[in-house]
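> I'd like to ask you about the structure that follows.
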Amino acid sequence: MSDKPSVLFVCVHNAGRSQMAAGWLRHLAGDTVEVRSAGSAPADQVNPAAVAAMREVGIDITGQAPKLLQYETAASSDVIVTMGCGDACPVFPGKRYEDWKLEDPAGKGVEAVRPIRDEIRDRVQKLLAELRPPA
C-alpha cells in the first residue's frame, strides 16, 4: 500500500451504499485516501434518498454519478469493499477485500436510509482507523 492508500467501494448500482461510503470516506479522510466507487450495473443517478440522508449530516454527494466498475480501477485499488455486487466483482490476488452486508437503500425513503447511512459511517471510521493507525 502506498503512502496514500486507495479504496474502491463497489455495489450493483453505484447509487446508494457505495456512494454514501465514498462520501463518508472523502469527508473523514480528506485527501489522505484516494476514494473510488463503482457499480457492476450502474444506475442513471445517485439515489435521491441517499443524497438527502447524507445532506442531513453535512455531506454533499450530489456531484457524484454512478460509474461502471472497470477492471483497471479494481486492479489499482489497495482495498476493495463490496456491498452486494455478487459475482460481478473481480478478485485480484494480494488485494485487501471486505464484504459489507448492508441493506440496499433502493426504493426506500430517507427515514429508512438513515440507519444504513449511520452503519456505513461506523464501518468507514473503522476502515480509516486501520488505514491510518495512530502515530
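> So which DSSP H runs in the chain come out at 15 Å plus along the axis (Cα) with average Kyte-Doolittle of at least -1.0?
Going by DSSP H runs, the hits are 17-29, 110-131.
> Normalised by the residues of the chain, what does the relative contact order come to in percent, with Cα pairs under 8 Å and at least six apart?
Once divided by the residue count of the chain, the mean separation gives 31 percent.
> Express the carbon and sulfur contribution to the solvent-accessible surface of the chain as a percent, rounded to the nearest whole number, probe 1.4 angstrom.
Summing carbon and sulfur atoms, their accessible area is 51 percent of the total for the chain.
> Another question, if that's okay. Just the accessible area per residue of the chain, please: how many Å² with a 1.4 Å probe?
With all protein chains present, the chain gives 50 Å² per residue.
> Okay, next question. Between [x] 44, 34, 33; [y] 38, 35, 25; [z] 49, 31, 26, which entry matches Cα extents along the principal axes in Å as derived from the coordinates of this structure?
This structure yields the entry labelled [y].
> Under a GNM of the chain (C-alpha, springs under 10 Å), which listed residue has the highest mean-square fluctuation: G16, G39, G63?
Residue with maximal mean-square fluctuation among G16, G39, G63: G63.
> Hey, can you rank 43-53, 105-115 by average C-beta count inside 10 Å, highest first?
Output ranking for 43-53, 105-115: 43-53, 105-115.
> In addition: Most fluctuating residue of G94, G30, G84 in a GNM of the chain with Cα springs under 10 Å: which is it?
G94
The values are calculated or read from the model by the stated rules, or taken from the named source; none is laboratory data. Just so we're clear, the structure is a prediction, and the values are computed from it rather than from any experiment. Virtual Cβ from ideal backbone geometry, glycine too; neighbours counted across all protein chains shown. Areas reflect the complete protein model, heavy atoms only, side chains present, ligands, DNA and RNA absent. Shrake-Rupley method; radii C 1.70, N 1.55, O 1.52, S 1.80 Å.
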